[in-house]
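What follows is calculated from the coordinates using simple rules that are stated; it is not laboratory data. As the structure is a prediction and not an experimental result, all values here were calculated from the model. In this analysis, Cβ positions are derived from the backbone assuming ideal geometry, glycine residues included, and neighbour counts consider all displayed protein chains.
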Amino acid sequence: MSGVGSGKVYPLQGNQALAVDPRDSVWLSASAGTGKTQVLSARVLRLLLEPGVRPEQILCLTFTKA
């Protein structure tokens, strides 16, 4: 994907758009450069825009098998 690390924001595609819905729990697993960080950021933003949701109520876990 061109523009990776450039600070550009790309439209969410297919399952990415479904994964940002704050009503569902999700497990996100994908190769490098596929938009995982953008999906996680969009999901957190959507949660923060929900009435009554406070930042301290949000937990994001990431794991890298190096």
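With θ taken as phi - 60° and the coefficients 6.51, -1.76 and 1.60, list the Karplus ³J(HN,Hα) couplings across the stretch 50-66 in order, rounded to whole Hz; mark glycine and proline as x.
Calculated HN-Hα couplings, in order: 6, x, x, 8, 9, x, 6, 8, 9, 10, 10, 10, 10, 9, 10, 8, 9 Hz.
Over the chain, what per residue volume does the convex hull of the Cα atoms give, in whole Å³? Could you put the intermediate results ahead of the total?
Details: hull volume 7.5 nm³, N = 66.
Per-residue hull volume (Cα only) is 114 Å³.
Roughly how tilted is helix 36-49, in degrees to the nearest 10 and between 0 and 90, from the longest Cα axis of the chain?
20 degrees
Normalised by the residues of the chain, what does the relative contact order come to in percent, with Cα pairs under 8 Å and at least six apart? Let's see the in-between values first.
On the way: 30 pairs, mean separation 19.0, N = 66.
Once divided by the residue count of the chain, the mean separation gives 29 percent.
For the pair Glu56 and Thr34, what calculated FRET efficiency results from E = 1/(1 + (r/R0)^6), where r is the Cβ-Cβ distance and R0 = 30 Å, to the nearest 0.05? Can you show the working numbers first?
On the way: r = 29 Å, r/R0 = 0.98.
Here the calculated transfer efficiency is 0.55.
Roughly how big is the chain's charge dipole about its Cα centre, with Cβ charges of +1 (Lys, Arg) and -1 (Asp, Glu), in debye to the nearest 20? Each step should come with its number before you reach the end.
On the way: 7 positive and 4 negative charges, 32 e Å.
Here the chain has a charge dipole of around 160 debye.
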